[in-house]
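Please read the structure below before turning to the comments.
The values are calculated or read from the model by the stated rules, or taken from the named source; none is laboratory data. If you're wondering where the values come from, they're calculated on a predicted model, not measured in any experiment. Here Cβ is always computed from backbone atoms with ideal geometry, including for glycine, and neighbour counts include all displayed protein chains. Note: areas computed on protein heavy atoms with side chains; ligands, DNA, RNA excluded. Shrake-Rupley method; radii C 1.70, N 1.55, O 1.52, S 1.80 Å.
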Amino acid sequence: MTDAADLRRRTADLLAAHTPGTTDRLDFLRARFDAGLAWVHFPQGLGGLDAPRALQAVVDAELAAVDAPDNDPGRIGIGLGMAAPTILRYGTEEQKRRFLRPLWTGEEVWCQLFSEPGAGSDLAALATRAVRDADGNWLVDGQKVWTSSAHLARWAILVARTDPAVPKHRGLTYFVCDMTDPGVEVRPLRQITGEAEFNEVFLTGVRIPDAHRLGAVGDGWQVARTTLMNERVAIGGARTPREGGMIQVASTAWRDHPELRTHDLHQRLLKLWVDAEVARLTGERLRQQLSPTLNSVRAGGTPLGQPGPEGSGMKLAFARLAQQISGWEVEFRGEAGLTYDDWTLRRPEGVDFTGREAGYRYLRAKGNSIEGGTSEVLLNIVAERVLGLPPEPRTDKDIAWKDLPR
Amino acid sequence: MTLTTPEPEPDLLYSAEEDALRAAVRALLADRCDPATVLAGLESGRPHDPGLWRALATEIGVTGLLVPEGLGGAGATAREAAVVLEELGRAMAPVPYLTSAILAVTALLGCETDRAEVADSLAALAEGRTLGALAVPLTTAPGDTGPAPVRADAAGRLTGRVTSVADVAGAGLLLVPAEGPGGPELHAVDATADGVRTEPVTPLDLTRPLGHLTLDAAAGRPLARGDRARAALDRALLTGAGLLASEQLGLADWCLTETVRYTGERTQFGRPVGSFQALKHRMAALWLDVASARAAARNSADALSGNDPEAPLAVAVAQSFCAPVAVRAAEECIQLHGGLGMTWEHPAHLYLKRAKADELALGTPGRHRETLAGLVDLAAP
Ligand SMILES: Cc1cc2nc3c(=O)[nH]c(=O)nc-3n(C[C@H](O)[C@H](O)[C@H](O)COP(=O)(O)OP(=O)(O)OC[C@H]3O[C@@H](n4cnc5c(N)ncnc54)[C@H](O)[C@@H]3O)c2cc1C
């Protein structure tokens, strides 16, 4: 059994063989992956050691202490948070070996071709078609939207309709799409912050080999649910230190600007500080439930890498907090809150909440309750799947997708 | 550059032993403390249920959890006591657990426990033979201990009046903070001694009776003086406030569970009312609050279980978060039950009264946020 001491030893071996600072960044990351220290809870040979997920913190701390190169998780978040757990669960051995290593090292960026102009919250209603050709490969036509990082991506996870004659959840299939293929066109979509983090993606006669299908034909919804559950944890579940992230920016602003303080803002800041600390603890508790940790080895958690619907709760809390804190911060800034740092159209590589100013944070945080499932939809999930409340009446359940009103 | 090891994480889950303890307490309460019994007891004017208390003390032995084994207790920690409080909160059990087994016991543990006087009292409280009460207004927050309203003369005679003391009427042993000739003191006073008088107050929360305590040259036995007396009192209040979060959690959890159950069954407009999204979203939002309160309450119990220097911060966070969650849960419970929630027969009102009183007990959320401001360097304007 891999324990913390064993991981420290392995990390020391890695550092001895590949001195940070003198080793090429990519060489270092590849060596780290091969040593099983990328995500220690993944299987051996796929960047991990089958170790408890919580032990990753041991490796990360040791490597951070010597400033070892990292894989820039803000830039490759979709690959790490959504594609990887889905490939791990549904991919063939060959797919896992092909995709996971360059995904983790950041050599290949991933994006998520799920949402469409006509299908967002109701993702299973999507219309992008995948039709099988004589060789058993697929031809894909359709339009996707809000696709973050499509302009940087080498690969995409894609859900498409392969059978319009059955009810909407049953006719979907999940693919890995090569973004460099002819027929893939990416157009920037400017957003509320002025930048273009996401895109419209037009798919015209894109040919996807059957070897790039993930899961069985018609099982796309099942596979997509794994992605979506992991997405919620990826968005809301990042591990932060106490007073980390956005509340740190706000608290620091408070300390640095005594001239702007008011009693009302003080009361609200303290409340937000408590909410942020409790959200941090709630995330920590969820993680302790998901996998045995350093000091609480327990049975009965959800299987490895499969967050339950409770993950939706984390995302809800995160979105609410980010919006409240960023709103507070603009107000606290006073006159400076009336200004914005930069409206030029940019193509950012990932989201940097703390690197820009209060106005940016305020506007970007509006997306937190929309991306990866809106707060309304997540509340439905909690109500039905966590609390077991009766479902909404469903009018579209047994109707073939092609016959649904549109 | 130094190699950092990850900080020890608080253990926010429940251990197998804690789960077993919970099961035992829950089974006992299911048996002897259903809502109808609680209501009938309150209406009979008998605020506590002595039979239930005896069962808790002797059958499961939870009254001595915080008392070390050598002193006649179970030698457990705040983590286990927190689990008991969750269950007592869930059942609205009319027993003086917070006051006797937590506040009074912790105050005594802050004194010299090798003195016979202290050790004997601890043993009596641990066995549940005697009920203890800490003579401070229930609203007192940790750290809010200025000069006590009771004066002690050089001979240990106590004079003064303490208002709104929780569970004072049934208590045999009073732990009385007093101002002596040389500063703060903590005294033991027998409730039956000459010069001790209590008057009951009609409480908002029927399940936790309050009384005013008047001492008129009553005989006190000094247990601690000076900094030691002050520290014992502060630690008791800190522990009480930190564990009250678990009672609030249990209370909120009951309110949510009961509301989900009821709205899933109650039909209007041809559908269970719990299938209406407006209601589902409210309950889902409450679920998130309760799940968060659980993390905060576990964190404070964990911090109180050792000599964690972070305990004051953990307690301030837990109290400022959990108290409003409990109130909201009880308020939502009443609203989503419709007219039924407004009746005396349905137990929801007991929960609301307890939740609202708990919000004031041992420091309001605002008071705890003020403490926090000092601890995390967020100074007031
Ligand atoms: C910053 C950002 C990045 C994104 N990145 C990606 C990406 O990389 N890849 C990708 O595929 N998608 C991405 N998305 C898309 C995102 O997943 C969708 O926007 C989201 O799922 C909502 O769908 P919609 O926009 O079509 O809104 P709609 O579904 O049309 O919703 C409109 C409103 O109706 C509400 N609503 C809908 N259904 C219900 C219901 N059943 N009950 C109650 N209310 C309901 C919604 O909550 C919302 O308020 C991104 C979005 C944002 C904002």
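Points worth noting:
- Taking θ as phi - 60° and the Karplus parameters 6.51, -1.76 and 1.60, the scalar couplings of the stretch B:121-126 work out to 5, 4, 4, 5, 5, 4 Hz in sequence order, x denoting glycine and proline.
- Using C-alpha pairs below 8 Å separated by at least 6 residues, the relative contact order for chain A is 15 percent.
- Solvent-accessible ranking of A:Trp155, B:Trp254, B:Trp344, largest area first, probe 1.4 Å: B:Trp344, B:Trp254, A:Trp155
- Mean Cα-pair separation over length for the stretch A:31-163, i.e. relative contact order, pairs under 8 Å, 6 or more apart, %: 19 percent
- Under a Gaussian network description of chain B, with springs only between Cα atoms under 10 Å, the residue in B:Ser275, B:Ser300, B:Ser246 that fluctuates furthest is B:Ser275.
- Shape category assigned to the stretch A:1-79 from the gyration tensor of Cα positions, a/c cut at 1.5: oblate
- Relative contact order (%) - the stretch B:324-368, alpha-carbon pairs under 8 angstrom, separation at least six: 37 percent
- Per residue of B:287-299, other chain Cβ atoms within 10 Å of the residue Cβ number 6 on average.
- Solvent-accessible area lost on pairing A with B (1.4 Å probe, both sides summed) amounts to about 4600 Å².
- Among A:Ala31, A:Ala125, A:Ala165, the largest mean-square fluctuation in a Gaussian network model of chain A, built with springs joining Cα atoms closer than 10 Å, belongs to A:Ala165.
- Among B:Asp302, B:Asp289, B:Asp34, residue whose mean-square fluctuation peaks in a GNM of chain B (springs only between Cα atoms under 10 Å): B:Asp34
- Listed by chain and number, the lysines whose C-alpha is less than 17 Å from the C-alpha of A:Lys315, apart from same-chain residues fewer than 8 away, are A:Lys366.
- Shielding by other protein chains, B:222-229, mean Cβ within 10 Å: 0
- Close amide H partners of B:Leu210, meaning residues 5 or more places away or on another chain with modelled amide H under 5 Å apart, are B:Asp167, B:Val201.
- For A:Ile399, solvent-accessible area (1.4 Å; no DNA, RNA or ligand), Å²: 60 Å²
- Note, ³J(HN,Hα) from phi for the stretch B:181-192, Karplus 6.51, -1.76, 1.60, rounded to Hz, x at Gly and Pro: x, x, x, x, 9, 10, 10, 9, 9, 6, 5, 8
- For A:Lys402, the lysines whose Cα comes closer than 21 Å to its Cα, not counting residues fewer than 8 places off in the same chain, are A:Lys144, A:Lys168.
- FRET efficiency for A:Asp6 and B:Ala23, using Cβ-Cβ distance with R0 set to 30 Å, rounded to 0.05: 0.25
- Straight-distance crosslink candidates among aspartates and glutamates, where the alpha carbon sits under 18 Å from B:Lys280 and sequence neighbours closer than 8 are dropped: A:Glu310, A:Glu376, A:Glu384, A:Glu392, B:Asp253, B:Glu258, B:Glu265, B:Asp289, B:Glu331, B:Glu332
- The residue among A:Leu389, A:Ser121, A:Val184 whose Cα reaches farthest toward the positive pole of the charge dipole of chain A, with charges on the beta-carbon of Lys, Arg, Asp and Glu, is A:Leu389.
- Residues whose amide H falls under 5 Å from that of B:Val150, counting only those 5 or more places apart or on a different chain, are B:Glu179, with hydrogens built in the peptide plane.
- Interface residues of the stretch A:361-406, defined as a loss of at least 40 Å² in heavy-atom accessible area between the chain alone and the complex of all protein chains with a 1.4 Å probe, are A:Leu379, A:Asn380, A:Leu387, A:Leu389, A:Pro390, A:Glu392.
- Listed residues A:Ala35, A:Ala54, A:Ser148: farthest to the positive end of the dipole of the protein assembly as shown (Cβ charges): A:Ser148
- Whole-number accessible area per residue in Å² for chain A, which is evaluated in the context of all protein chains at 1.4 Å: 43 Å²
- Between B:Ala217 and B:Arg46, the FRET efficiency from the beta-carbon distance, with R0 = 41 Å, is close to 0.85.
- Shown for the protein assembly as shown: the carbon plus sulfur share of the solvent-accessible area, taken with all protein chains present and a 1.4 angstrom probe, equals 53%.
- Here the simple spin-label model places points 7 Å from the Cα toward Cβ, and for B:Gln268 and A:Phe353 these points are separated by 3.8 nm.
- Of the trypsin sites (Lys or Arg not before Pro) found in the stretch A:181-269, none is in coil by DSSP with at most 11 other Cβ atoms within 10 Å of its Cβ.
- For chain B, the per residue solvent-accessible surface stands at 38 Å², with DNA, RNA and ligands left out and a 1.4 Å probe.
- With contributions of -39500 (n - 2.57) from each DSSP H run of at least four residues, the per-residue ellipticity at 222 nm computed over chain A stands at -11500 deg cm²/dmol.
- Comparing Cα centroids, the stretch B:25-78 and the stretch A:1-70 end up 51 angstrom apart.
- Each residue of the stretch A:176-189 was assigned a 3J(HN,Hα) from its phi angle through the Karplus curve 6.51 cos²θ - 1.76 cosθ + 1.60 (θ = phi - 60°); the sequence is 9, 10, 7, 6, 8, 5, x, x, 9, 10, 10, 10, x, 10 Hz, with glycine and proline shown as x.
- Distance between the pseudo-spin-label points of A:Gln222 and A:Asp256 (7 Å out from Cα toward the beta carbon): 5.2 nm.
- Annotation: for a label point projected 7 angstrom from Cα along Cα→Cβ of B:Arg32, residues of the stretch B:112-153 with backbone N closer than 15 Å are B:127-130.
- For chain B, Cys with no neighbouring Cys Cβ under 4.7 Å: B:Cys33, B:Cys111, B:Cys322
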